[in-house]
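One structure coming up, written as structure tokens, with questions to follow.
The values are calculated or read from the model by the stated rules, or taken from the named source; none is laboratory data. Computed from a predicted model, the values in this text were never measured in an experiment. Note: ideal-geometry Cβ built from the backbone for every residue, glycine included; neighbour counts use all protein chains shown. Calculation scope for accessible area: heavy atoms of the full protein, side chains included, ligands and nucleic acids excluded. Shrake-Rupley method; radii C 1.70, N 1.55, O 1.52, S 1.80 Å.
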Amino acid sequence: MKLFFQDARFALRGFRRNPAFAAIAIFTLAMGIGADTSIFSVANALLLRQLPYPEPERLALVSADRMANGARQGPLSWTRFQMVHDRNRSFAGVAAFTSDTFNWTGSGAPEQLAGARVSWDFLQILGVRPALGRWFNAEEDKPDGNLVAVLSHELWARGFGASPAAIGRTLTLSDKVYTIAGVLPAGFRFDSLGPVDVVVPRVFDLSLIVPSQLNGGAGFLNFLARLRPGASFARAQAEMDTLAAQYRREYPRFPDADPNFTVHVGNLRDELVFSVRTALWILFGAVGLVLLIACANVASLLLSRALGRKREIAVRTAIGATRASLIRQLLTESLLLAAAGGLLGALLSVWGTRALAAMAATTLPRAQEIHADALVFAFTAAVSLAAGVLFGLAPALEISQPDVSSILRAEGRGSTAGRRRNALRSLLVVSQVALSVLLLIGAGLLLRNFVGLRDANPGFRPGNVLTMNVSLPVARYPRPAQADFYRDLVGKIRELPGVQSAAGATALPVKPTRFTPALPEGQPEVPLAARPLFNVTSITAGYAQTMGIPVLRGREFSERDDAASPKVLLVNRTLARLYWPNESAVGKHILVGRGPAPSEVVGVLGDVRNMSMAADVKPEIYFPYAQLPGLSLNLVVRTAGEPRTMAKTIEGAVFALDANQPVTAVQTMDEVLEAGAAQPRFTASLLAGLSLTALVLAIVGIYGAIAYSVTERTQEMGIRIALGASRGDILSLVLRQGMTLAGAGIAIGIVASLALTRMLGSLLYGVSATDPLTFAACAAVFAAVALLASYIPAMRATRVDPVVTLR
């Protein structure tokens with residue numbers, strides 16, 4: 001320890017004599033370590049940190065996978081829940097849950113609450129303790145049980161003044177009176193449900209669900225389960241496979257009895273981040289490359305600094321210093337630089353982590369849990385230590401074996417050691433360039449992907465379209481009255497000044513909500529379970545006109561297509577081409593779900609991006625809303641001017657029909673599409689920022705290497721000029737050296753990218769992972785900046801005065 005402090009004091013004196021070197025090295029490391037720590041904070045929160053529940057490693061999410069189309073985490077049926085609940089041997093408890101919305105009235109202005117319907121023991125299985133009151137009991141989970149609710153901590157504070165007297169009071173939700181049983185703990189969140197204001201027992205309401213759907217295999221539930229002590233996920237999965245086989249035998253005609261339909265058991269933590277796992281690991285790998293580039297940069301700086309320390313090292317060796325003591329001294333300097341860089345990087349990462357958490361608030365699950373903790377700072381310390389050894393060891397090994405006699409005679413410029421240092425420095429620069437090119441190409445692919453998604457044709461005209469959601473309480477609006485209310489509402493909105501057209505739909509583009517098995521005319525008769533799934537949307541008359549969706553054949557719906565008229569539907573172009581490629585779809589018939597008779601196709605609409613902007617269009621069926629109504633409807637209104645200015649006026653039209661009816665999700669269609677691209681934008685932005693950082697570090701590395709070379713070869717340049725070399729010759733010589741290093745790095749980076757960018761495949765849509773345009777553009781950009789980085793020291797070389805140099 002005494003030797004360490006002695007070496008540390010010596011190193012600090014050296015840094016004081018050369019503060020510019022120390023500052024550049026520390027800041028370079030801080031950039032790499034800070035970025036690495038910030039991304040690790042995200043990865044730690046989402047991939048490593050356990051969920052905030054008791055024994056979270058035993059919690060499982062049970063959901064549907066459909067192997068035919070690669071769909072993950074789909075809903076399961078009530079019938080399957082009963083089977084899993086009654087027959088499993090791997091779970092200590094199984095609960096079902098689904099999201100819902102409730103209209104809260106009778107307490108000021110009407111408000112729509114985000115809610116959840118759960119099995120009575122859902123919160124007990126999760127292991128959450130009430131902040132106040134109690135959870136549900138089994139009797140309250142029965143169809144004739146008492147109506148009770150559990151409030152979020154925020155709603156309790158906002159609506160009831162955080163008063164303990166709220167327990168036992170009532171509140172009206174969707175025209176039904178519920179008794180408050182308990183309050184969730186502050187900050188409670190279950191990401192599979194999203195934000196929750198209120199939780200009620202009973203995963204279904206008999207007034208909302210058609211019995212044939214409830215008991216016919218319709219999927220609308222996910223399952224939360226807790227493994228028994230000693231049980232494993234593998235055992236639970238094997239048991240679900242066995243129960244799935246029993247389900248297919250007992251309910252062969254159910255739509256979820258398809259052999260391609262499997263039940264997946266996954267660790268709850270892993271399942272919550274399944275959709276972003278690949279992107280997170282790619283970002284973590286990218287930031288690791290940035291740290292490697294920073295380390296290579298600092299190692300190159302240390303080698304350059306050795307130019308001024310050759311005589312010092314030689315003298316110390318001559319008077320008896322061992323190579324081990326020199327290496328120890330040099331590594332101590334590296335570790336001090338790494339410690340300072342790590343400390344500054346940790347401070348930068350606090351800011352960076354907060355910025356990432358804000359950026360990810362609407363993009364990543366569990367974003368509210370992104371923060372630095374003890375593990376993050378331990379990671380920072382470990383990275384700093386590793387970085388110090390990584391960038392310090394190679395220079396220390398090289399510098400610690402000087403050619404003493406030649407250095408002390410000042411004749412060491414052409415020595416073997418000098419050539420080795422030049423080779424090592426060149427290797428570091430080439431490595432920096434290669435890693436930077438790899439990052440730049442990855443960022444280029446993701447940026448092209450994002451720009452392509454942003455500029456892609458969604459299949460309709462989103463400009464000047466305002467949308468908002470209205471959800472009717474079934475207690476006040478039974479099924480026939482729903483269509484009447486929305487017909488009157490849409491008619492009222494169409495009469496408003498500034499409104500060009502208005503309509504409604506149960507689902508918006510890029511936000512599918514309902515998939516139903518169907519049998520198009522001409523297809524072989526197969527059981528319901530074997531029929532393909534179609535995206536089904538109910539729309540009012542005028543929807544295609546309002547949204548700007550072209551009617552390719554036939555007609556759009558009209559007000560005459562009501563509940564009493566013959567059953568009709570519209571299909572999109574993808575469905576028409578898939579099932580009737582050489583004939584007109586108009587006049588064909590499709591049997592949808594368990595319908596007693598097929599419906600007639602009366603028109604074909606243009607394709608709309610109905611899954612997401614980053615997915616192929618799926619076959620879609622449109623029903624007249626009056627023939628397939630629902631409690632919730634998304635109003636779409638095309639306005640003559642700025643759509644946002646019409647929001648209050650349109651809300652007024654809703655309140656004029658029903659003063660207790662809240663209006664939610666007010667946004668323009670441009671905002672809907674923008675939200676759909678939030679995750680690709682987040683990933684592309686971060687990788688672009690990391691690649692820009694890497695590019696800057698690589699430029700500094702090239703500049704430093706060429707500047708050092710010019711300094712070391714000053715006498716050579718003077719001799720060349722004295723012998724008749726022109727300034728153009730000197731400029732060409734130095735530029736050729738810089739571009740040779742850059743060219744080698746670019747070539748290696750391109751080869752590495754061809755192998756590694758395939759990992760981006762799942763994040764790209766419409767862009768190949770080996771897109772030649774992106775590869776060529778990134779290589780050209782890097783070559784241009786490398787030329788600029790080499791040009792400045794090259795110009796300095798042309799200004800060498802041979803007389804002064806030779807003297």
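Does SER612 count as touching a residue at least 40 places away in the same chain (Cβ under 8 Å) and open to solvent by 30 Å² or more (accessible area, probe 1.4 Å)?
Here the answer is yes, as SER612 does meet what is asked.
Examine the stretch 453-461 for a residue that is in a loop (DSSP other than H, G, I, E, B), in contact with a strand residue (DSSP E or B) (Cβ under 9 Å, 6 or more places away or on another chain) and open to solvent by 10 Å² or more (accessible area, probe 1.4 Å), and state whether such a residue exists.
yes
Would you check which residues across the stretch 258-295 are part of a helix (DSSP H, G or I) and polar (S, T, N, Q) and list them?
Within the stretch 258-295, SER275, THR278 qualify.
ARG17 fails exactly one of the following numbered conditions: (1) modelled with pLDDT under 80; (2) crowded, with 18+ Cβ neighbours inside 10 Å. What is the number of that condition?
(2)
Further question on the same structure: Being of a type in the set (A, V, I, L, M) and modelled with pLDDT of 80 or more is true for just one of VAL315, VAL263. Which residue is that?
Sole residue among the options that is of a type in the set (A, V, I, L, M) and modelled with pLDDT of 80 or more: VAL263.
Would you mind stating whether LEU364 is open to solvent by less than 40 Å² (accessible area, probe 1.4 Å) and assigned to a loop (DSSP other than H, G, I, E, B)?
yes
Which of the numbered conditions does ALA165 fail, given that it passes all the others? Conditions: (1) touching a strand residue (DSSP E or B) at 6+ places or on another chain (Cβ under 7 Å); (2) aliphatic (A, V, I, L, M); (3) assigned to a helix (DSSP H, G or I).
It is condition (1) that ALA165 fails.
Further question on the same structure: Please verify whether the stretch 374-381 includes one or more residues that are at pLDDT 75 or above, open to solvent by less than 70 Å² (accessible area, probe 1.4 Å) and out of contact with any helix residue (DSSP H, G or I) (no Cβ under 6 Å at 6 or more places or on another chain).
yes
Does at least one position in the stretch 257-269 carry a residue that is open to solvent by 10 Å² or more (accessible area, probe 1.4 Å), out of contact with any strand residue (DSSP E or B) (no Cβ under 7 Å at 6 or more places or on another chain), within 30 Å of GLN679 (Cα to Cα) and in contact (Cβ under 8 Å) with a residue 60 or more places away in the chain?
yes
Among ALA166, ALA138, ALA149, which is the only one that is farther than 18 Å from LEU184 by Cα, touching a Phe, Trp or Tyr at 6+ places or on another chain (Cβ under 6 Å), without any contact (Cβ under 8 Å) to a residue 60 or more places away in the chain and aliphatic (A, V, I, L, M)?
ALA138
Then there's this: Given the criteria out of contact with any Asp or Glu (no Cβ under 9 Å at 6 or more places or on another chain), within 22 Å of LEU687 (Cβ to Cβ) and part of a loop (DSSP other than H, G, I, E, B), does VAL785 qualify?
Spelling it out, it is not the case that VAL785 is out of contact with any Asp or Glu (no Cβ under 9 Å at 6 or more places or on another chain), within 22 Å of LEU687 (Cβ to Cβ) and part of a loop (DSSP other than H, G, I, E, B).
Let me ask another. Return only the number of the condition from (1) of a type outside the set (Asp, Glu); (2) assigned to a helix (DSSP H, G or I); (3) modelled with pLDDT of 75 or more that THR711 does not satisfy.
The one condition THR711 does not meet is (3).
Residue-by-condition table, conditions (1) in contact with a helix residue (DSSP H, G or I) (Cβ under 9 Å, 6 or more places away or on another chain); (2) of a type in the set (Asp, Glu):
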site	(1), (2)
PRO19	no, no
ALA25	yes, no
ASP36	yes, yes
VAL42	yes, no
LEU46	yes, no
ARG49	yes, no
TYR53	yes, no
GLU57	yes, yes
ALA60	yes, no
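Sticking with this one: Scan the stretch 507-514 and tell me whether some residue there is among the hydroxyl-bearing types (Ser, Thr, Tyr) and either surrounded by fewer than 19 Cβ atoms within 10 Å (Cβ to Cβ) or in contact with an Asp or Glu (Cβ under 6 Å, 6 or more places away or on another chain) (or both).
yes
Same structure, new question: Tell me yes or no: at least one residue of the stretch 192-205 is modelled with pLDDT under 85, over 23 Å from VAL128 (Cα atoms) and out of contact with any helix residue (DSSP H, G or I) (no Cβ under 8 Å at 6 or more places or on another chain).
So far as the stretch 192-205 goes, yes, one or more of its residues are modelled with pLDDT under 85, over 23 Å from VAL128 (Cα atoms) and out of contact with any helix residue (DSSP H, G or I) (no Cβ under 8 Å at 6 or more places or on another chain).
Can you tell me which residues in the stretch 581-616 are modelled with pLDDT of 90 or more, touching a Ser or Thr at 6+ places or on another chain (Cβ under 8 Å) and part of a loop (DSSP other than H, G, I, E, B)?
Result: ASP607, single match.
Can you find a residue in the stretch 218-241 that is of a type in the set (Asp, Glu), open to solvent by less than 50 Å² (accessible area, probe 1.4 Å) and at pLDDT below 90?
No: the stretch 218-241 contains no residue that is of a type in the set (Asp, Glu), open to solvent by less than 50 Å² (accessible area, probe 1.4 Å) and at pLDDT below 90.
Let me ask something else about it. From the list PRO629, PRO624, which residue is open to solvent by less than 30 Å² (accessible area, probe 1.4 Å), within 21 Å of THR513 (Cα to Cα) and in contact with an Asp or Glu (Cβ under 7 Å, 6 or more places away or on another chain)?
Checking each option against the conditions leaves just PRO624.
Does any residue in the stretch 765-787 that is open to solvent by 40 Å² or more (accessible area, probe 1.4 Å) come within less than 9 Å, Cβ to Cβ, of a residue that is among the acidic types (Asp, Glu) six or more places away or on a different chain, and which pairs are these?
TYR765/ASP616
Still on this structure: When you scan the stretch 475-491, how many residues do you find that are crowded, with 18+ Cβ neighbours inside 10 Å and more than 30 Å from GLU674 (Cβ to Cβ)?
Selection size over the stretch 475-491: 4.
Looking only at strands (runs of 3 or more DSSP E) that lie completely in the stretch 52-157, which have at least 2 residues being crowded, with 20+ Cβ neighbours inside 10 Å, modelled with pLDDT of 90 or more and β-branched (Val, Ile, Thr)?
Those strands (runs of 3 or more DSSP E) span 148-151.
Please enumerate the residues belonging to the stretch 232-281 that are of a type in the set (Gly, Ala, Ser) and farther than 27 Å from ARG366 by Cβ.
Answer for the stretch 232-281, where residues must be of a type in the set (Gly, Ala, Ser) and farther than 27 Å from ARG366 by Cβ: ALA238, ALA244, ALA245, ALA257.
Identify the residue in the stretch 242-260 that is small (Gly, Ala, Ser) and within 14 Å of SER77 (Cα to Cα) and, among all such residues, is modelled with the lowest pLDDT.
In this case the residue turns out to be ALA257.
Still on this structure, please answer the following. Go through the stretch 530-551 and count every residue that is more than 30 Å from GLU495 (Cβ to Cβ) and over 33 Å from the mean Cα position of the chain (by Cα).
Number of matching residues: 1.
Also: Name every residue in the stretch 440-485 that is β-branched (Val, Ile, Thr) and within 27 Å of LYS648 (Cα to Cα), in order of residue number.
Once the filter is applied, which keeps residues that are β-branched (Val, Ile, Thr) and within 27 Å of LYS648 (Cα to Cα), the stretch 440-485 yields VAL465, THR467, VAL470, VAL474.
Now a separate question. Name the residue that is most open to solvent (accessible area, probe 1.4 Å), counting only residues in the stretch 668-726 that are closer than 29 Å to THR740 by Cβ and of a type in the set (Lys, Arg).
ARG720
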